[in-house]
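Okay, handing you the structure first.
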């Protein structure tokens, strides 16, 4: 493998020889306030302010020391700019990624510490890239619809340019004019053109990939004062001969619904007015860095755009929304394509929190998040956060129950989050009733997941991918992402006739969204969210309602799950509950077969081993399991011909790409309209040291559907202590003011509002 290290044309060596004193520590013109750079993330004014505070802002000082240690080590190892060869996770991919990160950090160190060795490092690296770039065609790995130059896809090339632009800005005025002209003409302008006019299917669409591309072109345009590139970045390519309805190879629409593209289109379409990003929190986290870093650069250099006020301050709202889309440990809910374990400790959220704090009114609750992150961005925003932390201004960031709408106008469904918080435990219930979520969307309308103390109780599978693990498909998506993870059976929602929602058709799914029906958390003891889905299957409508009830006699709340199905013909319906842990007891038989067979042939069913299947032969079933030394139970209303199926992912998976996760499936066959009604509870603890089980049995004896019609659904819950609760749902009128009266089995109920519970 050929490696380029300090390959610099002879005529450029002449230009830079006067600056080759690597032991020089203070740059003579670094304090020249007449210079125009830096002016993107760092500015001349902010550099002076930061220098005046160094040594008195602990978090900033510690971050700076760590970055210095990292970059000094990189400088000691020398410059390595390899010929591109590998997919994600491979040597050349990893090296180019390290290069842009180290350059960005070195540029900052040069400005803040005044040590010329950091500028020399960035310069020499850029000259090596300028030597390499003209020799390259597209990347040799032909896996992406948008093959890059240094990386296998243009997305990663855009990452490179976003970070490298910041480094270039930091040394721009230090470089001789001849050298900046050379880099602009040989490397940066051609690179910006390559990512945009040469790859319009990548650049001119609404997607997190394109956001990175737009920002890359915009950032380097700001550095070079190239208004044409900035215009291209903000508003997209004007002439590209692309059908707005065309799908790229990743399933994403090329443009938004109005045929617009560019940075502003990527602000308008994917973000709802609440700041929810339609692709889901995992990709919102990834996209927030380019969104926020470009916004900061635009604020500093193009303040007339008032970017942080755009769409009623949607970028600042987005940071708050994203922080709330996490469990008690700060890990993002894996809605749509999402890798579990990703959290707001990721560097992109460090930047987002700092920028949101600085430009969003310095909300003190953000300081508590920054305190837990324990690092800051090395600019004015990070300095401001560090000063706030030094002065003890932080307040708790309390995650509350909330509904975050989806769609550019907030009218394409939502994500609902019900929470219970106390010193002993936290419970979080997340229900997804959104739009499709672009190419990273899953076919799982009205799905949900349940958390306790940051641990998954009933899980969403997330994506099927080992990010940056080269052995697993080059670090890219595995085929099981399309054959299992995206399919409806991989989620906790109803599947009809073993066929995924919208028949797994992206265009159909993208044309539809679920409907918000009710979200009411005004009573902390009875929190409720409800939504409808009319288009997942022709002739069938869904209506799911989830209620979090905190009974004063119990330490934790329980969940009532009501899934109403209305259809014009008989179907088979499956409702999975993906749990973790060990089965403790079941009220139904669990005879295991002598050999395992897949549960079905397609739509994700082919990846589930059927471990047990039995007719329940009763009007109730109860399922109890133990996970993390906590007991959980599901109590469900059933018909005598319903089936309970125990299954586990991993069938037809010869490369072991899937996790081996268990699932309980409630099945109703030959049924038109029906109601799945369940109570889900956390109710006890096992102490493995003293080997005692406390409160290991469910408190519920039964849940019964007393009435179900177009207007109302009535449930009766009975405990083992013979206590009775009745839940009545108004199915057509969600108004808080409407008065209702209903006779059920000779008893009259009267109430005001969308539901009755007592």
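Please report, largest first and rounded to whole Å, the three semi-axes of the ellipsoid equivalent to region 491-570, where each semi-axis is the square root of five times an eigenvalue of the C-alpha gyration tensor.
They are 30, 13, 11 Å, listed largest first.
Still on this structure, please answer the following. With a 10 Å radius around each residue's Cβ, average the other Cβ atoms per peptide and rank 538-550, 66-78, highest first.
So the peptides 538-550, 66-78, ranked by packing, come out 538-550, 66-78.
Here's a follow-up. What spacing in nm lies between the two simple spin-label points modelled at residue 511 and residue 583, each 7 Å away from Cα in the Cβ direction?
So the two model labels end up 4.2 nm from each other.
How much length is gained on full extension from residue 467 to residue 641, taking 0.36 nm per residue of separation minus their Cα-Cα distance?
Roughly 58.3 nm would be gained on extension.
State the percent of C-alpha pairs, over all pairs in region 594-724, separated by a distance greater than 24 angstrom.
Tail fraction, whole percent: 45.
Related question: Can you order the peptides 143-149, 190-196, 737-743, 623-629 by their average number of other Cβ atoms within 10 Å per residue, highest first?
For the peptides 143-149, 190-196, 737-743, 623-629, the packing ranking is 190-196, 143-149, 623-629, 737-743.
Related question: For a quick protection proxy, order the peptides 382-388, 572-578, 363-369, 582-588 by their average other-Cβ count within 10 Å, most packed first.
Values: 382-388: 24.1, 572-578: 21.0, 363-369: 19.0, 582-588: 15.7.
Going from most to least packed, we get 382-388, 572-578, 363-369, 582-588.
Continuing with this model, one more query. Seen from all sides and averaged, what is the projected area of the convex hull of the Cα atoms in the chain, in nm²?
Mean projected area of the Cα convex hull: 35.0 nm².
Could you line up 590, 346 from fewest to most neighbouring Cβ atoms inside 10 Å? Please list the in-between numbers first.
Details: 590 14, 346 17.
Starting with the residue having the fewest Cβ neighbours, the order is 590, 346.
When 1/r is averaged over all different Cα pairs and the result inverted, which Kirkwood radius in Å belongs to region 541-666?
For region 541-666, inverting the mean 1/r across all distinct Cα pairs yields 16.4 Å.
Something else now. Rounded to the nearest 10 degrees, what's the angle between the helix 44-53 long axis and the longest principal axis of the chain, both from Cα atoms, 0 to 90?
80 degrees
Between residue 710 and residue 745, what is the label-point separation in nm under the 7 Å Cα-to-beta-carbon projection?
My value for the distance between the label points is 2.6 nm.
Test of understanding: extend the Cα→C-beta vector of residue 62 to 7 Å, then name every residue of region 363-379 with backbone N under 16 Å from that spot.
367-378
To the nearest 0.05, how large is the calculated FRET efficiency for residue 339 and residue 652 if R₀ is 25 Å and r is the Cβ-Cβ distance?
Once rounded, the FRET efficiency stands at 0.65.
Tell me, what is the FRET efficiency for residue 718 and residue 422 to the nearest 0.05, using R0 = 25 angstrom and their Cβ-Cβ distance as r?
Using R0 = 25 Å, I get an efficiency of 0.40.
Regarding region 409-698, what's the average projected area of the Cα-atom convex hull, expressed in nm²?
Working: hull surface 68.0 nm².
Averaged projected hull area, Cα only: 17.0 nm².
To test your reading of the geometry: what angle, between 0 and 90 degrees and rounded to tens, separates the Cα axis of helix 380-390 from the longest principal axis of the chain?
60 degrees
Which FRET efficiency, nearest 0.05, do residue 735 and residue 594 yield, Cβ-Cβ r, R0 51 Å?
For R0 = 51 Å, the calculated efficiency reads 0.35.
Can you tell me the 0 to 90 degree angle between the C-alpha axis of helix 154-171 and the longest principal axis of the chain, rounded to 10?
The angle comes out at about 40 degrees.
Can you sort 206, 197, 430 from fewest to most other Cβ atoms within 10 Å of each residue's own Cβ? Can you show the working numbers first?
Numbers: 206 28, 197 15, 430 22.
The order, fewest Cβ neighbours first, is 197, 430, 206.
If neighbour count is taken as other Cβ atoms inside 10 Å, put 43, 488 in order from fewest to most.
Listing 43, 488 from fewest to most nearby Cβ atoms yields 43, 488.
Throughout, read-outs are computed from the coordinates displayed, never taken from laboratory work. Everything numeric in this text was worked out from a predicted model, so none of it was measured. Neighbour counts run over all protein chains shown; Cβ positions are idealised from the backbone, glycine included.
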